[in-house]
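For reference, the structure discussed in these notes is given below.
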Amino acid sequence: MADAMAAAAAGESPPLQADYFFGRPWPDLNEGLSYTDTFRGADAETTAALINFYSENYKSSAPLPGWIHRIRNGQITVDGQVVTDPDMILRVGSKLVYHRLAWKEPFAPHLLQVLYEDDDMVALNKPCGLQVLPKGIFQQRTVLAQLQWKEWKMPPSSCSKRKNVQLHPVPVHRLGRGTSGLLFCAKTKLAKVQLASYFAEGAANAEKKRDGTEVGKERKISKFYRALVTGILEHNEDVVTQPIGLVHYPGVAEGLYVACSSGKPAMSKVCVLERLLHQNQTLVQVEIHSGRPHQIRIHLAYIGHPLVDDPLYGIGGQPKFDDLESTSTDISFAYDGGYERPLQPVPGDCGYHLHAHWLVLSHPTTNKMVKITAPLPHILQTREERCDPQVDTSAHNFPFESMCIHELSNQ
């Protein structure tokens, strides 16, 4: 699964045991959350009432009736005392805590596969449906929680790396909840800084490409994804440089990333692997030079080929949902006081077929090049790969080069 190209031959410490699974089943309920604030005073247009503080400052969390419900339910403390009167007047300097009740999070897989591990980093194969970091309704059922729960083999106390070791590995980049495949995590603070810089490097290069600045050929990391898209791509290779930016979208407080001329630069290189004529679908490999949120989904949709079964992004890299007005009202709220789940799709919804397949990177401490591959889901394999599991199509694609294109009419 993982091919560390330099380690043993160079006389260095070999990687630790890899290619194993770990994960603890999720508890039925999570532990809830607490959000702490300090009241600094009200402006001239509002009063210092408790309900005004929350309904004005946290509109994206709950409507006014929802915050009243939470206060009356005893979920707010002021200076350590439970307050159930929404009209209580706050004093400057008061410490406020909103206690979000424990809830049952939606289903998420809990097993993770370790593809590569050494004293500095861990490469995981993340399953589709598992969120990387806590956000929204997923606060416990995340990759980060499983990393925290596992006992990891860390460098011995005599090792110079020991002082930089973290309590547990931490992800250095993100994958969408519906995206499977390679996820890198750092064991040491130094590795975290180095690996994070590699993933950020592509965005800077995309900016230089857009303004005409020459980009150096030496890259610390190259990332390749596998995707199944709608329609038949005409060209064997394509480079997409459409910027990606935020727009208002109901149910997503920070906004939705879409194809946007005023957005940040992004670059994706698309290479056709197989044209599945009978299904009107194309299997592609995508190399990303930047890591904008949902970049591959947006870029492929922008060129007229959204991912198969993507519930959110349609042709043009815009949301499929036409009515962008919020479907919630000021008088409706969920059992916990928050907004009801929006009817339209949101970025975390799954269904599409996208897999972080393989990458090559410079090891954060040895600077040796390491190549790691995550096994492909069956639906994202070429006909040749299904017939012969030993076939490594990635071997023909570094750097970005033409591949053997298959056109299949009877799949």
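The values are calculated or read from the model by the stated rules, or taken from the named source; none is laboratory data. Note that this is a predicted model, so its numbers are computed, not measured. Positions of Cβ are backbone-derived with ideal geometry, glycine not excepted, and every protein chain shown enters the neighbour counts. We work out accessible area using only protein heavy atoms, side chains counted, and drop any ligands, DNA or RNA first. Shrake-Rupley method; radii C 1.70, N 1.55, O 1.52, S 1.80 Å.
Could you check the simple spin-label distance between A200 and L343, using points 7 Å along Cα→Cβ, in nm with one decimal?
4.2
Work out the FRET efficiency for A42 and T366 from their Cβ-Cβ distance, taking R0 = 60 Å, and round it to the nearest 0.05.
E between A42 and T366, to the nearest 0.05, is 0.60.
Given a Förster radius of 30 Å and the C-beta distance between Q166 and D309 as r, what FRET efficiency does 1/(1 + (r/R0)^6) yield to the nearest 0.05?
It comes to 0.20.
Roughly how far apart, in whole Å, are the Cα centres of region 77-110 and region 218-283?
Answer, in whole Å: 41.
Each residue of region 270-276 in order: what ³J(HN,Hα) in whole Hz does its phi give by Karplus 6.51 cos²θ - 1.76 cosθ + 1.60, θ = phi - 60°, with x for Gly and Pro?
Here the 3J(HN,Hα) series is 10, 10, 6, 9, 8, 9, 9 Hz.
Measure off 7 Å from each Cα along the Cα-to-Cβ vector at Q279 and A253, then give the distance between these two points in nanometres to one decimal.
Distance between label points: 3.8 nm.
How many nm is it between the label spots at E56 and L29, if each spot is 7 Å from the Cα in line with the beta carbon?
It is 3.4 nm.
Across all directions of projection, what mean area in square nanometres is found for the Cα convex hull of region 18-131?
Approximately 10.6 nm², given one-decimal rounding.
Between H378 and T84, what FRET efficiency follows from the Cβ-Cβ distance if R0 is 51 Å, with the result rounded to 0.05?
Approximately 0.40, to the nearest 0.05.
Which number do you get for Rg(Cα) / (2.2 N^0.38 Å) in region 33-100?
0.98
Whole-Hz Karplus ³J(HN,Hα) for region 136-151, in order, using 6.51 cos²θ - 1.76 cosθ + 1.60 and θ = phi - 60°, x for Gly and Pro?
Each residue of region 136-151 in turn: x, 7, 9, 10, 10, 7, 9, 4, 4, 4, 5, 5, 6, 7, 7, 8 Hz.
Using a 1.4 Å probe, how large is the accessible area of E201, given in Å² and rounded to the nearest 10?
50
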